[in-house]
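Asker: This is the structure I want to talk about, given as structure tokens.
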């Protein structure tokens, strides 16, 4: 398994060409992907891309990511190739432009291997909700890899890419990273361009990298964290100012963590992780996040509302699946009815519900007000501590089919990841060990806006604790 | 909070999707438990906030950039005639 630094070293010292590295990944994908279903498409031009990288190097071009092979989530556009967001409604769609992240990485010499499976429109925590079928966890094929970026996590964990990209709306990078034994980052909202990312909850979505080490994730983050005039929520570099202390203090919201039905092994592992941090010179401070418990309810209301609004664009008229009816309205209903899966339809209807006259005040308006209060909760906590630590997920990877019948139990698995998106702060999940049966667990660190550098520092200290 | 099958049908119409008679009871059950869960926020007393400053107006100069997407975009259209998107008669 290569790290990003190893690939860069091999290619820059001419020990291996980009084409040789890419060919190795293609061979492994050929051997393993049928069982895992991590990739829904391997791009037809991988070796061509690699050849171009080798040619650019031969011409003396400096390529900081030369030969690094990347899998991208199926909701990130690459011009001329399919992007379906795991949905039947977009199965025929071919991207007419490339996302900003893809353009940045291409310039730096990266190679795109293919698109990775995901829950439809990123709605799910298990990658079972996909029009391309479920993805399996490489650590145990009877279990899910997490979600919604489960394909990206499974591909990397099975050594089918050097690094991968996912998107995180409520934990969709951090939770699969923890279930697959990887590092996963949710960057501060607005640091990575969303241009060319198929939208779910626009005030929550952010593209984030998966890596086998904190260093790899850091390298990828630096490669994609630019201001983009094409994304109006992209934060200009001059405004990316860290407001908070840098004092190596770690706040732990013990009462929140212990309240939420956490698995005993996860809790034990978390306590061991806290001890490891102390040995690394971090001071542990119990903190109170009194409203954190409500973040999940707030998250679902806001996300339903934003998702139903975003998905209104799919009409069966301009692109994607079209199932014609006798009138324009019938065409919409047929195309959306057959194109969207059950969970997507559920969230569209719930979004319409919470935004409806008569319910808007009690649900959407109240959720937005509570979101403001939760943000203040975090700001208050960060006056004294540089970091907050929590388990990434209250449970380890669950069995395929275990939570598909009851959507609410699936939602509850996101309890520790969603508050971070609600507050628009960064979070990183770092492997923290395994359960007795060998399932990976993850430790999550949070920081104030734009303090990714702090997260990489604590992540590296934690990663090397023994 | 209990939703009826008729509520589901109404929400489906608003969302331009189709819910079959067979699926409606399951949606009604799911929605009842989800809405009951998220309703817990109503027990918290927080000041009403209109704008949480998550968004601001972002403006840029209106400069023409010459780009030709016509063929790419039309290539995606399910039903067309020449350079026009074809839809069923509206009136």
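Asker: Grab the eigenvalues of the alpha-carbon gyration tensor for the stretch A:344-404, scale each by 5, take roots, and send me the semi-axes largest first in whole angstrom. Provide the component values of the computation, followed by the final result.
Answerer: Values: eigenvalues 166, 130, 7 Å².
Result for the stretch A:344-404: semi-axes of 29, 25, 6 Å.
Asker: Here's a follow-up. Need one number for the stretch A:153-284: average projected area of the convex hull over its C-alpha atoms, nm².
Answerer: One quarter of the hull surface, i.e. the mean projection, equals 10.0 nm².
Asker: What list do you get for A:116, A:69 if you sort them by fewest beta carbons within 10 Å?
Answerer: So the residues, fewest neighbours to most, are A:69, A:116.
Asker: Could you let me know the centre-to-centre spacing of the stretch B:43-91 and the stretch A:284-304, using Cα atoms, in angstrom?
Answerer: Cα centroid to Cα centroid, the span is 32 Å.
Asker: Using only the alpha carbons, work out the radius of gyration and Dmax of the stretch A:4-232 in angstrom.
Answerer: Cα radius of gyration and Dmax of the stretch A:4-232 are 15.9, 48 Å respectively.
Asker: Just check chain B against the gyration tensor rule for me: Cα atoms, a ≥ b ≥ c as the square roots of the eigenvalues, rounded for a/c under 1.5, and otherwise prolate or oblate depending on whether a/b exceeds b/c.
Answerer: Numbers: a/c = 3.88, a/b = 1.36, b/c = 2.85.
Oblate.
Asker: Follow-up. Give the angle, between 0 and 90 degrees and rounded to the nearest 10, that separates the Cα long axis of helix B:5-14 from the longest principal axis of the Cα atoms of chain B.
Answerer: 20
Asker: Let me check against my output: what whole-number percent is the relative contact order of the stretch A:194-313, with C-alpha pairs under 8 Å and at least 6 apart?
Answerer: On the way: 76 pairs, mean separation 42.9, N = 120.
Relative contact order of the stretch A:194-313: 36 percent.
Asker: Report, as an integer, the average count of C-beta atoms from other chains found within 10 Å of each Cβ along A:332-344.
Answerer: Numbers: counts 4, 6, 3, 4, 5, 7, 2, 1, 3, 0, 5, 1, 2.
Average neighbour count from other chains, rounded to a whole number: 3.
Asker: Kindly provide the Kirkwood hydrodynamic radius of chain A in Å, to one decimal, from all pairs of distinct alpha carbon atoms. Before the final figure, lay out the partial values.
Answerer: On the way: mean 1/r = 0.0452 Å⁻¹.
Evaluated over chain A, this radius sits at 22.1 Å.
Asker: While we're on this one: Provide the percentage of antiparallel DSSP beta bridges, counting only those with both residues in chain A; round to the nearest 5.
Answerer: Of all bridge pairs located within chain A, approximately 65 percent are antiparallel.
Asker: So what's the projected area for the stretch A:209-321, the Cα convex hull averaged over all directions, in nm²?
Answerer: The Cα convex hull of the stretch A:209-321, projected and averaged over all directions, gives 12.0 nm².
Asker: Would you mind ranking B:72, A:461 by Cβ crowding within 10 Å, fewest neighbours first?
Answerer: B:72, A:461
Asker: Using Cα pairs under 8 angstrom and six or more residues apart, how large is the relative contact order of the stretch A:104-152, in percent?
Answerer: Details: 80 pairs, mean separation 18.1, N = 49.
Rounded, it is 37 percent for the stretch A:104-152.
Asker: Return the percentage of antiparallel bridges among DSSP beta bridges fully within the stretch A:4-232, rounded to the nearest 5 %.
Answerer: The answer is about 60 percent antiparallel.
Asker: Run the numbers on chain A and let me know its relative contact order in percent, using alpha-carbon pairs under 8 Å that are six or more apart.
Answerer: 17
No value in this document is a laboratory result; all are computed from the given coordinates. Computed from a prediction, not measured in an experiment: that's the story for all the values here. Every residue, glycine among them, receives a Cβ derived from its backbone with ideal geometry; neighbour counts consider all protein chains shown.
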